[in-house]
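Below is the structure I would like to discuss, written out as structure tokens.
The values are calculated or read from the model by the stated rules, or taken from the named source; none is laboratory data. Because the structure is a prediction, the values reported are computed rather than measured. Backbone-built Cβ (ideal geometry, glycine too); neighbour counts: all protein chains shown.
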Amino acid sequence: MKTMLKGIAASDGVACGRVYRLDEPDLHVSQQTVTDLDYELNRFHQALEATVSEIETIKTRVNKNLGADRAQVFIAQLAMLKDQDLMGHVEQNIREKQVNAEFAVALVTTTVEEELTELVDNPYLQDRLTNWQTVAKRLTAHLLGVTLPDLALVNDPVIVVTHDLIASEAIAVNPQQVLGFVTDVGGRTSHSSILARSLNLPAVVGTQTATQTLNNGELVVVNGTQGNVMVGPTADEIAVARRTMVQRVKNQQRLDKLAHHETVSKDGVGVTLAANMGTAADLARVTASGAEGVGLFRTEFLYLDAQHLPTEDEQFAIYRQVLETMAPRSVVIRTLDVGGDKELPYRPSQNEANPFMGARAIRQSLAHQQVFRSQLRALIRASAFGHLSLMFPMIATLDELRQAKAIYDDERSKLTAKRVPMGKIAVGMMVEVPAAALLADRFANEVDFMSIGTNDLIGYTLAADRTNQNVAYLYQPYHPAILRLIDNVISAGHAAGIPVAMCGEMAGDPIALPLLLGMGLDEFSMAPSAITKTRQVIGQLDAHELAALAETTVNSASTSQEVVTMVQAAVPGVLK
């Protein structure tokens, strides 16, 4: 029987396919006494062979899809599985303690954790602990006869259903096999939605019950434009969905012809369309999209995907790769932005009552200067290989900005004294705190550029957590208060003679485009998949005419709906 699951429209498009649940199975083990030791040892050896084969497959696919660097972790895990001492300890537990194989693996895990937990400051030992925990989980799953879901092992086109899509899972996604996403939690600007849009895959988030109601293998139609999931569609509905999927591909192929055109409005006003990216693996999508630069490189994914704090040299290698690939185009790299809904798995969280207003982003960097300075040194060294712009996140006060700049200047001076090659670096800030937007004229005199981060700016201005479905209705990008703040930042930047960009999701929003163009925004940075469509829309808009529309909405509109109505009336047909 057909049912409809409602959620939030997170990433446009329609996808039809079978459900693949990305939820963790129960891997709880209990101690059992065994008498047939040969049988138990054989069980362990079979699980060991299956785990080796599984990780070999994952390593091959990650190497092919994401590169050799990402595959290194699986080489380390395979080495553990072939480590005679470690595997010998499991066998010894089975023989001497006469326990079941899965409990024997758990005993070794306890021993490894006790030996290494106190040495977490050592990156090598921290990696070893994490790798063993991963290996032990896979061994245990095979011994228990349960399937451990892994996107890297998907062989057929599927709709991924999960509580929340996280970066470490998303990096294994093969867009040829994953057709779309459905999650229990999240909003349109939550990180799961941003990841889905960066992969150009339809997504519905915030359904609350997807993982409870959708079963593995069940046929569904995901409508990421309307925000619903059709369960048990009819033959006609399946046919319509598949025709829509084919048409979407054809539309994208037409838009791809604009990939390497300039971005110019109908009346000749040029703007820059840049891409947001999270990892070096996004480079292929960014370059293929025709992006005129990178407006936001989210370095936190480099930290979130790692098993320890990335070293200066590890960071340098990634930053250099991105800058060299994009040269001579500009790359804006944001310093570490963690906290809130992005906690580092290998660093104890602070358990704050309200983490979104706590020690996150630049506050974390200033509090942990050793980590901050390491990142700054890596960035300064990498600047010799491209056009780098450095950006500090979540600046709320001039004191914060000045302190961050002073630390940057100190590290640059030290490297200059050592004659380390470096390039010219523009230093800027994200405007995502209302206080910074209101005092934009003061900040503009102390930076080379400003970039508006609307995802948090909207949330902080309207006191609405962007990950909380209960207040999703308050997350209004077209709210006149938001437009006033944006207009104030752009005006302040231009008065100071510096460019103003936008790297929040609003930059690629069709309704917002006419307003931002009319306000004079210099750079729009968005998911790579949105660039050609945005370029097409801007080419149909008259920037000078839209200046009056922007002024009217900022000064006269009282609600979001009034703004939408004004925009649709001003540019009928263009935004379809």
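So which residues in segment 556-576 are out of contact with any helix residue (DSSP H, G or I) (no Cβ under 8 Å at 6 or more places or on another chain) and loosely packed, with under 11 Cβ neighbours inside 10 Å, if there are any at all?
ALA569, PRO572, GLY573, LYS576
Note down all Cβ pairs under 6 Å where the first residue falls in segment 316-338 and is among the acidic types (Asp, Glu), the second is surrounded by fewer than 24 Cβ atoms within 10 Å (Cβ to Cβ), and they're at least six residues apart or on different chains.
From residues that are among the acidic types (Asp, Glu), the pairs are GLU324/PHE385; GLU324/GLY386; ASP337/GLU300.
Looking for whichever is part of a helix (DSSP H, G or I), in the same structural domain as GLN370 (by TED's automatic domain parsing) and touching a helix residue (DSSP H, G or I) at 6+ places or on another chain (Cβ under 7 Å) here; the options are ARG402, ARG412. Which one fits?
Answer to the check: ARG412.
Now a separate question. Applying the selection to segment 232-286, what residues are free of Cβ contacts under 8 Å to residues at least 12 places away in the same chain and more than 30 Å from PRO499 (Cβ to Cβ)?
ALA235, ASP236, ALA239, VAL240, ARG243, VAL246, GLN247, VAL249, LYS250, ASN251, GLN253, ARG254
Separate question: Considering only residues of segment 450-491 that are assigned to a loop (DSSP other than H, G, I, E, B) and of a type in the set (Gly, Ala, Ser), which is nearest to LEU398 (Cα to Cα)?
Going through the qualifying residues, I end up with GLY453.
For (1) buried (at least 22 other Cβ atoms within 10 Å of the Cβ); (2) on the phi < 0 side of the Ramachandran plot; (3) in a loop (DSSP other than H, G, I, E, B); (4) in contact with a helix residue (DSSP H, G or I) (Cβ under 8 Å, 6 or more places away or on another chain), each residue gets a yes or a no:
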| residue | (1), (2), (3), (4) |
| --- | --- |
| PRO233 | no, yes, yes, yes |
| THR244 | no, yes, no, no |
| ASP256 | no, yes, no, yes |
| HIS260 | no, yes, yes, no |
| LEU273 | yes, yes, no, yes |
| ALA281 | no, yes, no, yes |
| ALA288 | no, yes, no, yes |
| ALA291 | yes, yes, yes, yes |
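State whether the residues of segment 39-48 include one that is small (Gly, Ala, Ser) and surrounded by fewer than 19 Cβ atoms within 10 Å (Cβ to Cβ).
Checked segment 39-48: no residue is small (Gly, Ala, Ser) and surrounded by fewer than 19 Cβ atoms within 10 Å (Cβ to Cβ).
Kindly indicate whether ALA492 is more than 26 Å from the chain's Cα centre (by Cα), buried (at least 21 other Cβ atoms within 10 Å of the Cβ) and in the same structural domain as ILE458 (by TED's automatic domain parsing).
Criteria met by ALA492.
Restricting to segment 503-534, name every residue that is out of contact with any Asp or Glu (no Cβ under 7 Å at 6 or more places or on another chain), hydrophobic (A, V, I, L, M, F, W, C) and not in a loop (DSSP other than H, G, I, E, B).
Within segment 503-534, MET506, ALA507, ALA512, LEU513, LEU515, LEU516, LEU517, PHE524, MET526, ALA530, ILE531 qualify.
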